[in-house]
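What follows draws every value from the coordinates through simple rules; no lab data is involved. Since the model is a prediction, treat every value here as computed from it, not as a measurement. Counting neighbours? That spans all protein chains shown, and the Cβs are built from the backbone with ideal geometry, glycine included.
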Amino acid sequence: MAVPSAFYDSGLEPDMPRNDDTQVDTAVLEEISEWLSLPIELTAVIMWLYGAAGAGKSVIARAMAEILESRQQLLATFFFSCDDPSRNHIKCAIATLAYNITLSVPESRPLITATIEMDPHIFHRPFKRQLKKLVLEPLQQLSLQGVIYPTVVIIDGLDKCLNHDERTILLRAISIATAQYPSPLKFLITSRPDVLIARIFNATPIKEASILHSLNIPVRKARLDCSISGHAALRQKVMLLWVIGRSCLFWYYHFPVKFIMKDHISHLLIVAWATNFSFSFQSASSDDEPRAERITNMSNYIPSKYLIVNET
């Protein structure tokens with residue numbers, strides 16, 4: 001049931017070039033390390049590291065995993081992928097984490113194996129029960145025995161889990177179960193600033209158990225190749241919308257705004273809605289006007305669910 005391709009060092013992911021657009025942000029790594037160094041009683045169980053496509057979330061997650069493994073602090077990892085049917089859902093997440101734990105903490109192997117032998121269908125149980133029986137309870141027993149073990153779990157690309165309900169189940173299970181079964185575990189979770197994921201993090205009980213960290217990258221790193229000849233003003237507008245939309249979208253979800261009129265901010269939300277895409281405008285004189293018109297009118301195609309911010 002474990003998915004080897006979900007390991008951070010599976011070798012199946014393409015190498016990410018360390019150029020100006022994807023180099024590891026050492027400042028972010030230091031901030032994550034600082035959070036991890038705090039006692040669990042003084043900080044949150046979950047850190048949500050979010051950023052637009054190309055911000056370097058997976059690069060940072062892998063770099064952090066390498067650092068933590070060298071320090072013997074890495075417990076387990078799970079890297080989602082929307083293109084891999086074995087890891088675009090949570091069905092195999094706990095099995096994969098449990099397998100990682102048996103490697104990171106050999107003392108846990110007999111405890112986890114005994115649980116599986118006692119209930120061979122454990123991997124068909126609810127996610128919360130799997131987390132409790134295969135992760136939290138074995139580690140809790142080891143803590144009582146005085147065993148010291150790594151405490152960091154990295155989950156990368158939560159937005160690549162295609163089922164939104166499963167994302168909610170995963171986050172709620174972690175926040176609730178870790179509260180019921182106190183442990184020193186911390187979870188670093190990365191994703192794009194998806195509207196629905198933001199709502200999960202802004203809801204109880206996840207809100208009380210998590211802290212947020214945004215990856216703010218310069219416009220030149222936003223993968224916008226605007227080369228429409230004769231449309232300099234349009235290019236500037238798209239770039240400005242990208243910066244404002246990406247930085248303000250999450251802000252809206254943390255204030256008691258009941259409803260935002262489409263006519264007022266639809267242009268602002270164009271870029272935030274389009275973070276799942278990489279715009280590439282090729283220079284072609286015969287097609288310039290149609291392209292410009294499509295960009296300008298893109299707000300007409302924003303799904304209405306992205307316009308309702310925070311219902312009260």
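Taking a ≥ b ≥ c as the square roots of the eigenvalues of the Cα gyration tensor, the stretch 57-131 is oblate, since a/c reaches 1.5 or more and a/b is not larger than b/c. Can you classify the stretch 4-214 as rounded, prolate or oblate using the Cα gyration tensor, where a ≥ b ≥ c are the square roots of its eigenvalues, rounded means a/c under 1.5, and otherwise it's prolate if a/b beats b/c and oblate if not? Because its axes are fairly even, with a/c under 1.5, the stretch 4-214 counts as rounded.
Taking each residue as 0.36 nm, the span from residue 5 to residue 115 lengthens on full extension beyond its C-alpha to C-alpha distance by 37.2 nm. Quote the FRET efficiency, to the nearest 0.05, computed for residue 72 versus residue 42 with a Förster distance R0 of 25 Å and r equal to the Cβ-Cβ distance. In this case the efficiency is close to 0.65. Applying Stokes-Einstein at 20 °C and 1.002 mPa s to the Kirkwood radius of the stretch 149-208, computed over alpha-carbon pairs, gives a translational diffusion coefficient of 177 µm² s⁻¹. Here are some pairs, 91/207; 128/186; 91/186; 132/186; 91/128; 91/132; which of them have Cα atoms lying more than 19 Å apart in this structure? Violating the 19 Å Cα-Cα cut-off are 91/207; 91/186. At full extension, residue 204 and residue 180 could sit 7.1 nm farther apart than now, given 0.36 nm per residue minus the alpha carbon distance. Which parts of the stretch 96-121 would a label at residue 140 reach, counting a residue when its backbone N lies under 16 Å from a point 7 Å out along Cα-to-Cβ? Backbone N within reach: 111-112, 115.
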